[in-house]
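**Q** First the structure, which I've put down as structure tokens, then a few questions once you've had a look.
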Amino acid sequence: MKEIKWHGDTLITSPDYCLVLTEEDYHLALDVLKIPKDGRSPWLLNDQCGATLHTFDDNHVVSLMYTNQVNLIVYGLLVHESVHIWQQFCERIGENSPSIEFEAYSIQRISQNLMSLFDDLTGGLK
């Protein structure tokens, strides 16, 4: 019987991103990306900031301040940072006016992935 070959690559390569919940893990992620220690910004933008996106070429590190007093605000912060990942992705591929469905599905996917990473790291919201 003749074998049918299928090709399943995605049309557009998505950005790479990770989620870190501590400053130590932030530096571990940057070590993997080979970012020199003197070229690193603080893991959070400032003390009042709940989350920060760091971008290095096509790689993104989402830093999230995590405490045991977690609530739904955490997921809101992850959606916020997802929008920034999406915006930088569009800029990288030269997309100045994506369709609203392309935008919505993309942000949804990035958000769900970050939420899944968060749940894997913490056991989810309590």
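Just so you know, all these numbers are worked out from the coordinates, no wet-lab data involved. No experiment lies behind these values; they were computed from the predicted model shown. Note: ideal-geometry Cβ built from the backbone for every residue, glycine included; neighbour counts use all protein chains shown.
**Q** Residue by residue through the range 1-31, note down the ones that are among the small types (Gly, Ala, Ser) and in contact with a Lys or Arg (Cβ under 9 Å, 6 or more places away or on another chain).
**A** The answer is Ser14, and nothing else.
**Q** Which one is farthest from Ser116 (Cα to Cα) among residues in the range 19-51 that are in contact (Cβ under 8 Å) with a residue 12 or more places away in the chain and of a type in the set (S, T, N, Q)?
**A** Ser41
**Q** Moving to a separate point now. Taking the range 22-65 as the region of interest, how many residues are of a type outside the set (Gly, Ala, Ser) and either part of a strand (DSSP E or B) or in contact with a Ser or Thr (Cβ under 7 Å, 6 or more places away or on another chain) (or both)?
**A** Qualifying residue count for the region: 14.
**Q** Of a type outside the set (S, T, N, Q), over 29 Å from Gly123 (Cβ atoms), surrounded by 13 or more Cβ atoms within 10 Å (Cβ to Cβ) and within 13 Å of the chain's Cα centre (by Cα), is that true of Phe102?
**A** Criteria not met by Phe102.
**Q** Within the range 33-49, which residues are within 26 Å of Ile107 (Cα to Cα) and either surrounded by 11 or more Cβ atoms within 10 Å (Cβ to Cβ) or in contact with a Leu (Cβ under 8 Å, 6 or more places away or on another chain) (or both)?
**A** Leu33, Ser41, Pro42, Trp43, Leu44, Leu45, Cys49
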